[in-house]
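Worksheet for the structure shown next.
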Amino acid sequence: MASNSPSKKLHLNLFMLSTGHHEASWRHPGTNPGLAADFHHYARLAKMAEDAKMDSIFLADKYRLNAMTKYRVIPQLEAFTMLSALAAVTEKIGLTGTASTTYYDPYHLARKFASLDHISGGRAAWNIVTSTGDATARNFGKDRHLGHAERYERAHEFVEAALRLWTGWSEDALVLDQTAGIYADMNMIAAANFEGKHLSVTGPLNLPRSPQTVPVLVQAGSSEDGKSFAARWAEVVFTAQPGIEEAAAFYTDLKSRLKRWGRKQDQMKILPGLIPFIGDSEAEAKEKEHELNALSASEYGLYNLSALLQTDLSDCSLDGPLPYERLPAPEQVQGQQARFRLYTELARKEKLSIRQLLIRTAGGRGHFTITGTPIQIADAMQRWLEAGAADGFNLMPPLLPAGLEDFVSKVVPELQNRGIYRAEYSGRTLRDHLGLAVEPGVQYTE
Ligand SMILES: Cc1cc2nc3c(=O)[nH]c(=O)nc-3n(C[C@H](O)[C@H](O)[C@H](O)COP(=O)(O)O)c2cc1C
């Protein structure tokens, strides 16, 4: 497919996850699960992504051990520690870390991101999550996780408070006058003085303004509350979309909500997940996908599906349909409402048995999965870009590092030849890569 709108360029983020995004990736002979908590494994992935001129790398984070760790490799190196170490071995690529508004306090979190932004020379981004599950709450001295609406209410307050902390130091606050003995102009350092229903913080931060002032704000909520939150704050949105039509509807819906907050369409980049199974022929790609699916454990899939659907499926036949009559209404789901809808709609639409649904979601948990040659994959990416279904992709290779090696050596050059993806970085900060200014609303105003 020839490029007919080279002015539109793809943004690419690498979602780094241990041995890969396929749930059985760790059992594949091409991966080494022993390296899943080894920093050098991630350093190698980050450098590969940087050589391919990707916008950023991303680390997800949860604060509990997955109950099915018996069946899946899930080490969770802590995001700030890992990204600070990766900052030292990379130069240009953005560093996106996850942190929860439910379990952090604004001062603590704002300081960590400001530190990461200083350490990396302006490459920090925050994936804002509200977390899920009572098991997480119990790791923080609480019995129950906050309900969905309350979590988002707290998240709104949290971001407001963090923005006040990040912007408290004026650009001119540092005097650095060694002769006069004046380090900082205290009139140029404003308190945050945030008082909300859930949170309060006085400030100011004990760090000067960081290179980006505000880390790039990333979010992946897909429920109504999640989308309202994104419309107000998110500059990058991760989302799970099974196909181009669903993605285009989501894209149009979310971008249309920006006006309400005085924001322009290009102040938000929407990056749906992309799981590519890449082969030199279509048959080879299909074989790779089949090989991984065959290594999946149905106990693992069934447990996760039960948790997602808030319904115990252990008494169901794998070859029968989902017990639709027993499922809760989507708005009653306290966990991931959008993923609940995605899975149930997929199963209904395609009349999938539970086993078929497990296979369909084993590789990418409902994200867009494409199995084909580098040309076919580049064609699809270009189609999504030009159809207004995506501003780029959150790349989720099924196997790591092999799937990333294939992508950067085979798909990236194809995208570059079409003029829809950068061949060089033109800026220094992550905001430069993404073409995002600091939002006008968050400039220092005292
Ligand atoms: C690509 C992607 C990455 C995510 N990473 C995390 C994560 O690291 N930690 C987390 O608690 N939730 C994570 N989530 C979940 C979202 O933050 C959000 O809770 C979820 O999409 C459900 O939306 P809702 O909260 O609006 O119901 C992620 C979602 C997506 C699509």
Explain nothing, just the number: relative contact order of the chain, from Cα pairs under 8 Å at least 6 residues apart, as a whole percent. 24
Distance between the range 155-178 and the range 273-300 - C-alpha centres, whole angstrom: 47
Burial ordering of M54, M186, M68, M268, fewest other beta-carbon atoms within 10 Å first: M186, M68, M268, M54
Ranked list, fewest to most other Cβ atoms within 10 Å of each Cβ, for I244, I93, I420: I244, I420, I93
Exposure-ranked with fewest Cβ neighbours within 10 Å first, F39, F80 stand as F39, F80
So what's the angle, to the nearest 10 degrees on a 0 to 90 scale, between helix 39-51 and the longest Cα principal axis of the chain? 80
Find, to one decimal place in angstroms, the Kirkwood hydrodynamic radius of the range 55-103, where the mean of 1/r is taken over every pair of different Cα atoms and then inverted. 12.3
Checking Y152, Y103, Y183 against a Gaussian network model of the chain (alpha-carbon springs below 10 Å), the top fluctuating residue turns out to be Y183
Nearest 10 degrees is fine. How inclined is helix 298-309 to the longest principal axis of the chain, computing both from alpha carbons? 50
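Any read-out appearing in this document is the output of simple, stated calculations on the displayed coordinates, not a laboratory observation. Since we're looking at a predicted model, the values are computed, not measured. Positions of Cβ are generated from backbone atoms using ideal geometry, with glycine treated the same way; all protein chains shown enter the neighbour counts.
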